[in-house]
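Working notes, structure below.
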Amino acid sequence: MKAYTLKILLNNSSPAVWRSLKVPASITFQRLHEVIQGAMLWQDYHEFEFISLEDTYRFVRDQEIIDEQNAMDEQDRPKWQYKLAKKVQIDRFLTRDKKVFYTYDYGDYWNIDVTLESICENYDKPYATCLAGEHPAPPEDVGGWEGFQQFLEVFRDPANEDHEEMVEWSEGWKDKFDKQAINSALRKVILKRAPVAPSVRASKAVQPRADNVIDLSSPRAKWLALPQSLREQLLRNAYCPHCGITEIIDYHISSEKQMVYIEGKCKKCGKAISRCLD
């Protein structure tokens, strides 16, 4: 089958975090998102979007974002045209433009360039393959590049008093490019069921009785819909760029662009921190 060799480069990474991937040409942007998740050994905790600058398209997972844009008055509507990622194949855009742009996690805000390097006509696998790469991607919810650098200082220093706690928080993260682990993750992508959107995962966390249905339309309601044990875990397992693993105190729940955030103070240093609830 036809396949593309793609280079994915994590912007602003130093040293550069990149992967060379071979992917079936017929996949959708939703599937490409899942491939990138596997290539970075991320867990698909957050929302994403792809951008095609030539046609001003944005490909997203959430129909609510598209409905919100369509409901705006025409004069207020942004220039971007939003499409469901699961309904658009990558081939038209990559063969013409050679590049698309991927954003993942609006909290840490990772930006990745996806560039078409070559085309293969006889690829014999139904899943993506990692051909090469360098350096590990940051772990989920590390706090952007600043948080990642502080994470590495603690993670790489066994003598640091927070080292063991940081290793436990990172849940098996490895400080190296692990091609074998990446290809193992990629082999599972094509076979797994379509992912459940974060908003759906949150709503399934509890199953209230019919006479006690929780309205999930507000950020506060989404927060309260989670089991208390999970809420407590989210508060305790936050990340402060100054202190590392910490607890959020004096918090409130807010939202922006369909995302829900816990905003408060670090229990250790008192500085403002937040984490995404999606």
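The values are calculated or read from the model by the stated rules, or taken from the named source; none is laboratory data. A quick note: this is a predicted structure, and the numbers were derived from the prediction, not measured. All Cβ positions, glycine included, derive from the backbone under ideal geometry; neighbour counts span all protein chains shown. In case anyone asks, the SASA skips ligands and DNA or RNA and just uses the protein heavy atoms, side chains included. Shrake-Rupley method; radii C 1.70, N 1.55, O 1.52, S 1.80 Å.
Below, the figures for the structure above:
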read-out	value
Pick from the range 266-278, criterion touching an Asp or Glu at 6+ places or on another chain (Cβ under 9 Å) and at pLDDT below 80, ranking: most open to solvent (accessible area, probe 1.4 Å)	ASP278
Those strands (runs of 3 or more DSSP E) lying entirely in the range 85-160 with at least 3 residues open to solvent by 70 Å² or more (accessible area, probe 1.4 Å)	none
Condition check for GLN43: open to solvent by 30 Å² or more (accessible area, probe 1.4 Å), without any contact (Cβ under 8 Å) to a residue 60 or more places away in the chain and among the polar types (S, T, N, Q)	no
Residue list for the range 83-105, filter: in contact (Cβ under 8 Å) with a residue 24 or more places away in the chain and under 26 Å from GLY144 (Cα atoms)	ALA85, VAL100, PHE101, TYR102, THR103, TYR104, ASP105
Cβ-Cβ under 8 Å pairs, at least 6 apart or on other chains, the range 54-65 side in contact (Cβ under 8 Å) with a residue 40 or more places away in the chain, far side crowded, with 18+ Cβ neighbours inside 10 Å and part of a strand (DSSP E or B)	ARG61/PHE48; ILE65/TYR82
Residue in the range 137-147 that is of a type outside the set (Asp, Glu) and either free of Cβ contacts under 8 Å to residues at least 24 places away in the same chain or closer than 30 Å to ASP67 by Cβ (or both) present	yes
Options TYR4, TYR57: the member that is surrounded by fewer than 20 Cβ atoms within 10 Å (Cβ to Cβ) and of a type outside the set (Asp, Glu)	TYR57
Answer residue from the range 156-178, given it is over 21 Å from the mean Cα position of the chain (by Cα) and in contact (Cβ under 8 Å) with a residue 24 or more places away in the chain and is farthest from GLU140 (Cα to Cα) among those	ASP162
Failed criterion for PRO15 (all others in (1) modelled with pLDDT under 95; (2) crowded, with 21+ Cβ neighbours inside 10 Å hold)	(2)
Which listed residue is among the charged types (D, E, K, R), open to solvent by less than 10 Å² (accessible area, probe 1.4 Å) and assigned to a helix (DSSP H, G or I), from GLU34, GLU68, GLU64	GLU34
Complete set of residues in the range 18-31 that are open to solvent by 20 Å² or more (accessible area, probe 1.4 Å) and hydroxyl-bearing (Ser, Thr, Tyr)	SER26, THR28
Single condition VAL167 does not satisfy, out of (1) modelled with pLDDT under 95; (2) part of a loop (DSSP other than H, G, I, E, B)	(2)
